[in-house]
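No lab work stands behind these numbers, since they all come straight from the coordinates. Just so you know, these numbers come straight off a predicted model, no measurement behind them. For neighbour counting, all protein chains shown are included, and Cβ atoms are generated from backbone atoms with ideal geometry for every residue, glycine included.
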Amino acid sequence: MKIFRIGAAALLLLAAVAAAQSPAERTVVIDPGHGGLETGAKGRFGNLEKDITLSISLKLKALIEKEMGFEVVLTRDRDLDVPMETRSAIANNHKAALFISIHANGAVQKKAAGSETFFLSLNATDEETRRLAYLENNSTELQSRIDPSTDNDLMMILWDMAQNAYIKQSSRLAELVQGELDAMLGTRNRGIKQAPFKVLTGVACPAILVEAAFISNPDEEQKLASDAFQTKVAEAIYRGLVRYLRTGE
Amino acid sequence: MTAKKRRKGKITGPALVLSGLALVLLVLVIVFFSGGGGEKVKHFVDANIPKSPETPGGRPATRTVTLFFAAEDDDLLHKETREVLAGPTEADEAERALAELVRGSESGLLSPLPPQTRVRQVFIAKDGLATVDLSRDVAEGFTYGSTSELAAVYAVVDTLVYNFKSVKKVVLTVEGAERETLGGHVDLTRAFFPDYGLVAK
């Protein structure tokens with residue numbers, strides 16, 4: 001029964017995906033990591049992850065609006081607590097074309113350094129994985145058989161799994177953004193990785209989480225706090241987005 | 001009272017027996033009232049008189065567990081073995097293994113968990129899902145970044161699945177309740193399978 005419900009939810013999701021891809025104006029949602037009481041990682045010189053993520057996000061927003069003519073929505077534009085599900089809901093309600101979550105990294109190793117870009121790992125059961133593989137191969141045939149009446153439980157399962165339908169696109173987006181970060185920042189390239197990050201699970205569009213540098217590393221903390229480095233990070237992410245959109249979705 | 005009065009006078013045989021009995025009673029009463037909650041007593045018994053099998057030499061049996069720590073020079077998890085008391089159940093052993101993980105490395109590796117974290121309980125269900133309940137210190141003891149949060153979660157998950165046959169996947173709870181993340185990154189609402197890709201070869 002549960003399997004059936006997950007299957008049904010995935011079908012609904014595919015319908016939602018199809019509906020969301022209308023050509024009208026396009027929106028990029030930028031998510032400045034953490035905020036409010038939830039400070040994120042902390043540097044030795046007192047810099048907080050939440051402040052750095054907001055600065056970089058505002059710079060990226062300005063760049064995209066100026067250069068691409070996309071609408072940009074931030075999940076927060078101030079020092080504010082924003083629950084995880086609100087962040088993904090903002091993306092889904094705006095029918096976002098892309099979702100970029102911006103973070104500064106922290107590790108127990110003081111020497112840890114560099115940039116990396118994450119996309120969601122499929123932390124799913126075998127049964128769910130099998131269902132999704134089937135749906136990927138049979139989506140057009142199945143879209144016509146969806147019952148439009150949905151209950152709340154089903155919707156919860158639907159959004160809980162939303163990102164699973166976009167893993168391939170998210171992986172490509174991560175690769176292109178990380179390539180630009182590597183080219184521009186002159187710091188260690190930690191590559192693209194998959195992880196079960198909460199903020200990505202419910203997002204119904206290609207979604208990545210960028211770790212610009214390590215705030216736990218004193219050298220990188222000072223870089224992260226500087227306007228010049230923040231601008232470079234924003235510029236690199238912007239270039240990655242442009243390459244992603246130009247080379248087809 | 002009676003015993004005291006009699007003690008002042010001549011001490012007879014029966015009086016001695018009676019006073020002895022009264023003393024025993026008094027001790028019992030004191031133990032009863034000062035013992036506190038049943039939980040405390042149970043914990044005391046649990047920690048010091050394990051119902052585990054004993055070796056022929058009379059020493060309690062132990063088993064070797066492999067713990068996963070961080071290292072200064074890379075972002076991988078590194079193995080370190082440790083002896084913990086064996087039995088009676090895998091859940092008991094799992095609690096001890098995680099307590100050792102929190103206690104830290106004996107060979108200079110870095111601890112991926114805040115040192116003040118307490119392992120409140122490990123429950124292993126028949127379907128192989130282990131629920132690990134940790135004290136709030138696991139979330140409040142560090143300000144996590146993505147890398148340290150992944151290390152904390154997978155140190156626990158890998159330690160359990162690697163050592164205990166009955167554990168296939170792991171859910172983390174904090175103070176007995178579900179929690180979204182430890183520090184704003186890794187999704188705790190779903191069960192984790194181990195990720196040995198993070199482990200040094």
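Numbers below:
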| quantity | calculated |
| --- | --- |
| Selection status of B:PRO194, within 26 Å of A:LEU37 (Cα to Cα) and within 14 Å of chain A (Cβ to nearest Cβ) | no |
| One residue from A:ALA212, A:ALA207, A:ALA228, A:ALA236 being free of Cβ contacts under 8 Å to residues at least 24 places away in the same chain and within 25 Å of A:ALA41 (Cα to Cα) | A:ALA228 |
| Residue list for region A:35-47, filter: without any contact (Cβ under 8 Å) to a residue 24 or more places away in the chain and facing chain B (nearest Cβ under 10 Å) | A:THR39 |
| Region B:58-77 - residue that is touching a residue at least 60 places away in the same chain (Cβ under 8 Å) and out of contact with any Asp or Glu (no Cβ under 8 Å at 6 or more places or on another chain) and, of those, nearest to B:GLY108 (Cα to Cα) | B:ALA71 |
| Qualifying residue in region B:109-121 (condition: surrounded by 15 or more Cβ atoms within 10 Å (Cβ to Cβ) and part of a helix (DSSP H, G or I)) | no |
| Residue that is surrounded by the most Cβ atoms within 10 Å (Cβ to Cβ), among those in region A:177-222 that are assigned to a helix (DSSP H, G or I), aliphatic (A, V, I, L, M) and more than 10 Å from every other protein chain (Cβ to nearest Cβ) | A:LEU181 |
| Residue in region B:168-175 that is closer than 17 Å to A:VAL199 by Cα and crowded, with 18+ Cβ neighbours inside 10 Å present | no |
| Residue, farthest from A:VAL242 (Cα to Cα), within region A:49-71, restricted to residues that are touching a residue at least 12 places away in the same chain (Cβ under 8 Å) and not in a helix (DSSP H, G or I) | A:GLU71 |
| Boolean, B:VAL102 is free of Cβ contacts under 8 Å to residues at least 24 places away in the same chain and crowded, with 22+ Cβ neighbours inside 10 Å | yes |
| Among the candidates A:ILE90, A:ILE56, residue that is out of contact with any helix residue (DSSP H, G or I) (no Cβ under 6 Å at 6 or more places or on another chain), β-branched (Val, Ile, Thr) and away from every other protein chain (no Cβ under 14 Å) | A:ILE90 |
| A:ARG76, sole failed condition from (1) more than 8 Å from every other protein chain (Cβ to nearest Cβ); (2) among the basic types (Lys, Arg); (3) more than 20 Å from B:GLU180 (Cβ to Cβ) | (3) |
| Count of region A:72-97 residues which are hydrophobic (A, V, I, L, M, F, W, C), over 16 Å from A:LYS59 (Cα atoms) and not in a helix (DSSP H, G or I) | 4 |
| Conditions (1) among the hydrophobic types (A, V, I, L, M, F, W, C); (2) closer than 15 Å to B:ALA70 by Cβ; (3) without any contact (Cβ under 8 Å) to a residue 12 or more places away in the chain: number failed by B:ALA152 | (3) |
| For B:LEU188: the one exception among (1) more than 12 Å from every other protein chain (Cβ to nearest Cβ); (2) of a type outside the set (D, E, K, R); (3) not in a helix (DSSP H, G or I) | (1) |
| Total residues in region B:137-178, condition more than 12 Å from chain A (Cβ to nearest Cβ), β-branched (Val, Ile, Thr) and outside any loop (DSSP other than H, G, I, E, B) | 6 |
